[in-house]
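Read-outs: derived from the displayed coordinates by stated rules, not from any lab. Bear in mind the structure is a predicted one, so any value in this text is a computation, not a measurement. Every residue, glycine among them, receives a Cβ derived from its backbone with ideal geometry; neighbour counts consider all protein chains shown.
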Amino acid sequence: MQPVENAVIAAAGLGSRLGLGHPKCMLELGGITLLTRMIRMLELHVSRIHVVIGYREDLIIDYCARYHPQVVLVRNPEFRITNTAQSFALGARYLRGKCVFLDGDLVINPDSFGAFLDQAARPEILVGLCQPNTENAVFVNTEESAQGLIVTGFTRENRTLCEWANVFTGPSTVMNSAENYVFEHLAKLLPLSGHMLELAEIDTSADMRSAESFVLKHGL
């Protein structure tokens, strides 16, 4: 068993589908930014947090200097021509041990996340799953086993009971050779253990409304 010791948050992207002109991690739900929500949650479980920045990085630099000076900011100057997989590889470059990798546009139920990390101590890689809740979902094929859920495939075409949650744990080097999307790189390593999370992801205006309802429902 190897507990998760580090976290890498990918917050370098443009967020073009939402079109608000600032990083999605700076969106506020209930008066609290997604970034603050995530950092507060992670600090209960890991000793080191790296946040990968790119688009409008000045906003996140100033914000973290004021509110989260304990986190490490990692620049991705090629954010316009790279994706989350490359940001994860950059963010984990100098980390050792097991990491949890998260997109910066998520709001997660902290109790659900704690259970996820407890489970993550067992397999080398644990893939986060959730109930379908976004407009542009990547669905996940799963099978039941004595150890829990097993991820057997990813698909954009066929709707299933689970969606790829854009959260996973694994060695700090797991994304080093990734060239495409994160789930496409993970697909090369299948089958993998999976675990359900309660969360909302924000890619579009409709997702934002769903996330607001999620926060109210769970009292977050």
Where does the longest stretch of the chain lie that holds no GluC sites (Glu not before Pro) found in a DSSP loop with 13 or fewer other Cβ atoms within 10 Å?
1-77
Which loop-located trypsin sites (Lys or Arg not before Pro) does the stretch 1-79 contain, where loop means any DSSP state but H, G, I, E or B and the Cβ has at most 15 other Cβ atoms within 10 Å?
Arg17
For all pairs of alpha-carbon atoms in the chain, what percent lies in each bin of width 10 Å, listed from the first bin to the last filled one?
8, 36, 41, 14, 1
Taking the alpha-carbon centroid of each part, what is the distance from the stretch 106-148 to the stretch 31-76 in angstrom?
23
Multiply the residue gap between Arg93 and Ala187 by 0.36 nm, knock off their C-alpha separation, and tell me the result in nm, one decimal place.
31.7 nm
Cleavage-rule hits, chymotrypsin sites (Phe, Trp or Tyr not before Pro), the stretch 89-191, DSSP coil, Cβ neighbours within 10 Å at most 12:
Tyr94
